[in-house]
Structure formats: C-alpha cells, structure tokens
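Data block below; observations after.
All of the numbers you see were taken from the coordinates with simple rules; none came from a lab. These numbers were taken from a predicted model, which means no experiment stands behind them. So basically every Cβ, Gly included, is an ideal-geometry build from the backbone, and we count neighbours across all protein chains shown.
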Amino acid sequence: MSITHISLWWLKEPDNSEHHSQIQKALESLRDVPGVRDLTYGPVLSGIPKPAGTYPRFEQAVSALPIEYDATYDYGISITFDSTEGVDAYQPHPVHVAAVDVIGQFTRRIYTLYFDDSAVHAGAAVR
C-alpha cells in the first residue's frame, strides 16, 4: 500500500520571508525520516483556478457537481509513504515532531488528509 499525506497551512504572517525560510528548512528535514518515499512542498499558486468562463466545456461538464476550490491557504506539502507502518513511524519521529514545532509557530490553521494511492503507483489507470 502506498499512502499520500497532504497538509495545507494558513500562515499567521504569509509575507514573512524569514518564516518561509524556517518552514522550508523544517520541511527539508522530513526527507530524513524513515518511511518517507517522496516529499514536495511549496506556496499556493495565485491565479489558479482560472476565473469562471475560462474553460466553458469543463465548467459545463462539472456544473452539477459540488466542487469547491480553495486557494486561501499559504503553503502545502505532499508526502508519499510506502506503507501504513511508514506513517505510524513518521508521526512520533523526533524530526517530524521538531518540524511540527517550527511550523506550528507560524500557522493559524492546518488542514491534513491521507489517501491510498496504491493504484497509481502500481501503474493502474484511475477512471
């Protein structure tokens, strides 16, 4: 089983470059935690999604769906683990706890989720 962990953060001071530097250093340290296969992170992209009317065929196709876009967060991370054991080892790991301490100083809200991405990593098509 392959697991992806995603966290989005709303920062207390989104324009504070020193805070961004400390967050990036903390995030880079997570690469050293056993069980972490892949790690990507970065700030929110402004201008995505595009304004209504930009993709009319897509908008028509999804118009009946309850889709919500939220680009109000400031920073995000995606971590891939090889197994639930990797996630279990990651949570209490001292490097992760130290990173949470750093990031926690600068955040006012965190949204986190996990999902099983085994089908994608096994080469199966998702339909």
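Sticking with the crude label model, points 7 Å out along Cα→Cβ, report the distance from LYS25 to ALA64 in nm, one decimal please. About 5.4 nm separates the two model spin labels. Checking (i) 60; (ii) 69; (iii) 63 against percent of Cα pairs over 16 Å apart calculated from these atoms, the matching label is (ii). When only Cα pairs below 8 angstrom with a gap of at least 6 residues are kept, segment 1-121 shows a relative contact order of 56 percent. Ordered by the count of other Cβ atoms within 10 Å of each Cβ, fewest first, LEU65, LEU11, LEU39 give LEU65, LEU39, LEU11. Charge tally around TYR111: other residues with Cβ under 15 Å, Lys/Arg +1 each, Asp/Glu -1 each, net -1. Taking a sphere under 13 Å around the Cβ of ARG31 and counting the other residues whose Cβ falls inside, with K and R at +1 and D and E at -1, yields a net charge of -1. Put a dot 7 Å past the Cα of ASP88, heading toward its Cβ, do the same for THR112, and the two dots end up 1.7 nm apart.
Among TYR69, TYR114, TYR41, TYR75, sorting on how many other beta-carbon atoms sit within 10 Å of each Cβ, with the fewest leading, yields TYR69, TYR114, TYR41, TYR75.
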